[in-house]
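See structure below.
The values are calculated or read from the model by the stated rules, or taken from the named source; none is laboratory data. All values derive from a computational prediction rather than experimental measurement. Every residue, glycine as well, gets a Cβ built from its backbone with ideal geometry; the counts of neighbours run over all protein chains shown. The accessibility values were calculated without ligands, DNA or RNA, using every heavy atom of the protein model including side chains. Shrake-Rupley method; radii C 1.70, N 1.55, O 1.52, S 1.80 Å.
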Amino acid sequence: MPFTERFLRTPGVIEVSGRQVKRYHVSTVDAEIEGGVQRAAYELLPALLPEPDGETPPATFAVLHRGRGGAAYLNAYSWVWGNVIECRTAAAGVPFLGCPDEDPERFAALARPWIGCVWELPPLGHERSAWVRHVLAPDEPDLPGYLADLLPEGKTGGAE
């Protein structure tokens, strides 16, 4: 499959199950992901989140990816144990992965140990650096600073 650029949007932070969730949306077209796909993904999101541990600031970043055809993917990367990312994923519209059908609004949690595809991974490096900058390096964690520090919108990036 040849590489084609995808587009990244940052629709802001939401609170879900006691966690602050930074959102990234990836799409094959330079447009926002359909509302129905977003609603379905964020309805399932609580099932992908660990309980806050009482020590680590309760933060997660989620990547919602609208792929080709009926495919949609949701990756929840939650900060736990101070400096570790726990990843839980879901998909819709891809029966091969265990989805019930080809409907991009019917998400199912995945048991595969995958952390994301090449278009979903760009936020990982940024989020690691932002966590160090705002939570680990200062004398006191700055959760609002971390939540405001988003990867800029635009293309997901090629091989550079």
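Test residue 112 against the stated conditions and say whether it is of a type in the set (Lys, Arg) and within 17 Å of residue 17 (Cα to Cα).
When the stated conditions are applied, residue 112 does not pass them.
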Checklist entry - From the list 152, 138, 104, which residue is open to solvent by 70 Å² or more (accessible area, probe 1.4 Å) and assigned to a loop (DSSP other than H, G, I, E, B)? => result 152
Checklist outcome for this item: Reported set for region 118-135 where residues are open to solvent by less than 40 Å² (accessible area, probe 1.4 Å) and either in a loop (DSSP other than H, G, I, E, B) or under 17 Å from residue 41 (Cβ atoms) (or both) is 119, 120, 123
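Condition check: at pLDDT 95 or above, open to solvent by 30 Å² or more (accessible area, probe 1.4 Å) and not in a strand (DSSP E or B). Does residue 40 satisfy that? Break it down into steps so the answer makes sense when it comes.
Working: at pLDDT 95 or above: yes; open to solvent by 30 Å² or more (accessible area, probe 1.4 Å): no; not in a strand (DSSP E or B): yes.
For residue 40, the condition - at pLDDT 95 or above, open to solvent by 30 Å² or more (accessible area, probe 1.4 Å) and not in a strand (DSSP E or B) - is not met.
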Next on the checklist: Can you tell me which of (1) farther than 16 Å from residue 69 by Cα; (2) crowded, with 20+ Cβ neighbours inside 10 Å; (3) of a type in the set (Gly, Ala, Ser) is the one residue 93 doesn't meet?
Outcome noted: (1)
Checklist outcome for this item: Cβ pairs under 7 Å, 6+ apart or interchain, first in region 44-59 and free of Cβ contacts under 8 Å to residues at least 60 places away in the same chain, second acidic (Asp, Glu), ordered by first then second residue, are 50/86
Checklist entry - Residues in region 43-98 that are modelled with pLDDT under 95, assigned to a loop (DSSP other than H, G, I, E, B) and at negative phi: how many? => result 7
